[in-house]
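What follows is a set of notes on a single structure, which appears directly below.
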Amino acid sequence: MSRLTHSEIHMVHRIGWLRAAVLGANDGIVSTASLVVGVAAAGSGKPEVIVAGLAGLVAGAMSMAAGEYVSVSSQTDAERADLARERRELTEDPEAELDELTAIYAARGLDEDLARQVSVQLTERDALGAHARDELGISETVTARPVQAALVSAATFAIGAVVPLLVALLTPAGAVGTVVAITTLVALVVLGALGATAGGAGLARGAARVLFWGALAMAITAAVGMIFGVAA
Ligand SMILES: [Zn+2]
């Protein structure tokens, strides 16, 4: 980790953000397209299909935002609690904390004397920062932003969901299910390849994985739609 250059660290951050965006958009495309294909397969008219797609977009974006907000908030809470406990321990038993830090550096390969020296200097400079970074693996300034994460998650979902919805809007009533299914599969290949590039994985494998699950989701919802459509 410490060998990464400045630009590589930025690249790692960018990749992490891109992967989250691709996953969010993927959720949006698959869940909304499946909904549209399923409702169309039930024999519903175009207005019903569009309303269902729109409801799916809003409901999906809101649930992604809520889920992201809750998970990032609880992560933030846990980080804050860890930091508060660490601050207390540093006040109550600084000697033991110094030993702990020395042990961490020694375990990383420094010889005992050097590990002690480093711990003493870093503790004098910023004890909480050193323990947060090297013991807890978190930065002492909690960086997670739940609201931002929730908004990004909802936005990427909505961007993905707009694709099948727009296609449904522009397609003649009788062909909505088929055209949405085909364009969605094409969009998933592109997204899968993008996600694979972001993650440094093979393009074909990334695209195939997303394509398989997207196709499966649409096939199952179309089957359900057909069953209920016949029953109605
Ligand atoms: Zn500690």
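The values are calculated or read from the model by the stated rules, or taken from the named source; none is laboratory data. No experiment lies behind these values; they were computed from the predicted model shown. Here Cβ is always computed from backbone atoms with ideal geometry, including for glycine, and neighbour counts include all displayed protein chains. When the accessible area is computed, the model is the full protein with side chains, heavy atoms only, and any ligands, DNA or RNA have been set aside. Shrake-Rupley method; radii C 1.70, N 1.55, O 1.52, S 1.80 Å.
With respect to the chain, whose longest principal axis is taken over its alpha-carbon atoms, helix 203-231 is tilted by about 50°. Across Met64, Met226, the residue with the most accessible area heads the list, and the full order at a 1.4 Å probe is Met226, Met64. Angle of helix 112-131 to the longest C-alpha principal axis of the chain, folded into 0 to 90 degrees and rounded to 10: 60°. Probing with 1.4 Å while keeping every protein chain in the model, the per residue accessible area of the chain equals 58 Å².
Counting only alpha carbon atoms, the long axis of helix 6-41 and the longest principal axis of the chain meet at about 30°. When nucleic acids and ligands are ignored and a 1.4 Å probe is applied, Val189 ends up with an accessible area of around 60 Å². Measuring nothing but protein heavy atoms, the accessible surface of segment 11-231 at 1.4 Å probe radius is 68 percent carbon and sulfur. Loop sites here are trypsin sites (Lys or Arg not before Pro) outside DSSP states H, G, I, E and B with no more than 16 other Cβ atoms within 10 Å. The longest part of the chain free of them is 109-232. Entry note, the chain: the mean residue ellipticity at 222 nm calculated from DSSP H runs of n ≥ 4, each adding -39500 (n - 2.57), is -30000 deg cm²/dmol after division by the residues and rounding to the nearest 500.
Think of each Lys and Arg Cβ as +1 and each Asp and Glu Cβ as -1; about the Cα centre, that makes the dipole of segment 11-231 roughly 1800 debye.
Only one residue of Pro94, Leu170, Ala107 has its Cα farthest out toward the positive end of the dipole of the chain, where Lys and Arg carry +1 and Asp and Glu -1 on Cβ, and that residue is Leu170.
Kirkwood Rh, Cα Rg: Rg to Rh for the chain?
Working: Rg = 24.9 Å, Rh = 21.0 Å.
Looking at the chain, the ratio lands at 1.19.
Between segment 90-119 and segment 23-48, how far is it from one alpha carbon centroid to the other, in angstrom? Taking the Cα centre of segment 23-48 as reference, the centre of segment 90-119 is 57 Å away.
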